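The values are calculated or read from the model by the stated rules, or taken from the named source; none is laboratory data. Keep in mind the model is a prediction, meaning the values are calculated, not measured. Positions of Cβ are backbone-derived with ideal geometry, glycine not excepted, and every protein chain shown enters the neighbour counts. SASA here: full protein model, heavy atoms, side chains in, ligands and nucleic acids out. Shrake-Rupley method; radii C 1.70, N 1.55, O 1.52, S 1.80 Å.
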Amino acid sequence: METNGTDEVEKLKSKLMSAWHNVKYSWVLKSKTAFSRNSPVFLCIMECLYDDVVTGNVDGFRKDFTSRVWLTYREEFPGLPGSTLTSDCGRGCTLRAGQMILAQALLLHILGRDWTWSETWTSSAARRLVATVEASIQGERAQVTQQPLCAAQGGAEEADSYLQEAYHRTIVSWFGDGPSAQLGIHRLVKLGMTSGKRAGDWYGPAVVAHILRADVTDSHSGWTGSHCDPQGLNSEAASDSRAVIILIPVRLGGEKINPEYLSFVKSILSLEYCIGIIGGKPKQAYYFVGFQDDSLIYMDPHYCQSFVDVSTSDFPLQSFHCPSPKKMPFSKMDPSCTIGFYSKNVEHYERISTELSKILQPSSKEKYPAFTFMKGHGKDYELSIAVEKQEWPFIGDTRKAGTTSGDFVLL
């Protein structure tokens with residue numbers, strides 16, 4: 001009886017938390033963010049500097065922003081592992097920010113930089129195509145001929161558009177809020193438990209980076225192998241299977257962000273291969289995707305939405321795309337963050353290393369760079385032993401002797 005009473009209290013707390021966050025963030029979501037017409041806007045991943053914003057033409061910027069996968073708090077989903085919690089509201093914002101950075105990398109890898117989301121997707125033929133893609137991802141090649149598909153949808157170009165949308169939908173489903181979703185909140189919480197975390201605990205950006213790595217590399221997750229681009233939709237991605245996501249946790253200051261790092265953060269977000277930053281304000285995680293002047297553009301996971309069953313082939317996608325970007329002054333940024341990069345192949349990795357070596361040159365006021373790249377293999381630095389023991393491989397932050405905040409994570 002005592003256990004049941006505790007469970008009921010936790011459920012009530014969860015519902016109150018969800019209601020509070022909806023009141024707190026719904027008006028923020030609906031409110032318009034002011035963008036200066038005197039300065040261009042930059043979004044990472046798309047490699048675009050939106051000078052058109054200066055002239056008032058914001059369509060390109062808005063389309064690119066809304067095409068990114070938005071993963072927020074949800075409620076009324078199956079209970080999280082080891083608890084009765086059916087919502088991550090107020091607890092899982094850093095995990096959600098981590099999911100978003102991974103989702104953008106997968107969109108980039110499978111659909112490419114030029115892909116944008118179109119909301120017009122209702123045909124039954126497209127829903128059948130989703131089932132085909134999902135079946136192929138599970139290793140079952142569905143028997144569907146190309147000719148009827150093209151005829152039903154008006155030609156090869158339209159069929160290709162529906163195919164891309166099917167992949168988009170499949171990627172979103174990997175982040176579903178249920179135990180079976182490969183990259184869902186339930187799996188991340190379960191992996192967190194192996195390192196002493198419990199459902200409802202707060203996660204830092206560095207911890208989330210390691211949890212994402214554990215999920216992607218877990219041979220039991222059903223994720224490793226040929227999940228990315230199983231039908232060769234993107235020929236560039238299909239040509240090289242050695243794509244890698246690099247996550248670098250850093251600390252850009254002491255108790256508060258060091259203003260000297262403003263130009264560093266801008267330079268990082270301007271890099272061709274940067275996929276964003278898991279960061280935020282103290283105790284509030286955001287996914288930073290760009291900047292304008294001295295303000296960071298971010299996607300906010302704090303708005304609590306209803307559970308969506310992604311196991312159905314035509315689940316609604318609207319709640320997985322953010323309708324409005326938000327801005328935050330750089331001065332409010334928490335110094336603890338994780339920077340993400342996507343490298344399609346070894347050549348891209350070399351380019352990333354070269355470009356970063358220029359950015360990481362210490363300023364006159366900074367004695368050491370935020371992080372460094374080191375040639376060699378993990379075994380050269382005894383990292384493989386730490387992995388085998390399920391210890392997180394820390395490479396010391398070069399700015400402070402004895403600290404362990406500068407760990408490198410490769411997915």
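Just a few scattered comments:
- Qualifying residue in segment 330-346 (condition: acidic (D, E) and under 20 Å from P205 (Cβ atoms)): yes
- Per-region count, segment 103-133, residues farther than 16 Å from C322 by Cα, of a type outside the set (V, I, T), modelled with pLDDT of 90 or more and assigned to a helix (DSSP H, G or I): 5
- For segment 153-186, the set of residues classified as open to solvent by less than 40 Å² (accessible area, probe 1.4 Å), outside any loop (DSSP other than H, G, I, E, B) and among the charged types (D, E, K, R) consists of E165, R169, listed by residue number.
- Test: residue in segment 309-323 that is open to solvent by less than 70 Å² (accessible area, probe 1.4 Å), within 20 Å of V69 (Cα to Cα), part of a loop (DSSP other than H, G, I, E, B) and in contact with a His (Cβ under 9 Å, 6 or more places away or on another chain): yes
- Condition met for D300 (within 15 Å of the chain's Cα centre (by Cα) and open to solvent by 10 Å² or more (accessible area, probe 1.4 Å)): yes
- Residue tally, condition closer than 22 Å to Y273 by Cβ and aliphatic (A, V, I, L, M), over segment 313-348: 3
- Some residue of segment 86-95 being aliphatic (A, V, I, L, M), at pLDDT 90 or above and buried (at least 16 other Cβ atoms within 10 Å of the Cβ): yes
- The single condition among (1) at negative phi; (2) of a type outside the set (K, R); (3) within 16 Å of the chain's Cα centre (by Cα) that Q305 does not meet is (3).
- Filter pass, L71 being modelled with pLDDT of 55 or more, open to solvent by less than 20 Å² (accessible area, probe 1.4 Å), under 29 Å from L247 (Cα atoms) and part of a helix (DSSP H, G or I): no
- Of the residues screened, A237 is one that is at pLDDT below 90, crowded, with 19+ Cβ neighbours inside 10 Å and under 20 Å from the mean Cα position of the chain (by Cα).
- Matching residues, segment 263-281, being under 22 Å from the mean Cα position of the chain (by Cα) and not in a strand (DSSP E or B): F264, V265, K266, S267, I268, L269, S270, L271, E272, Y273
- Residue within segment 285-292 that is over 26 Å from V207 (Cβ atoms), modelled with pLDDT of 95 or more and surrounded by fewer than 24 Cβ atoms within 10 Å (Cβ to Cβ) present: no
- Within segment 291-310, the set of residues being under 15 Å from M333 (Cα atoms) and of a type outside the set (S, T, N, Q) comprises F291, D293, D294, L296, I297, Y298, M299, D300.
- Pair list, Cβ under 6 Å, 6 or more apart: segment 78-101 residue without any contact (Cβ under 8 Å) to a residue 60 or more places away in the chain, other residue open to solvent by 10 Å² or more (accessible area, probe 1.4 Å) and part of a loop (DSSP other than H, G, I, E, B): G79/T86
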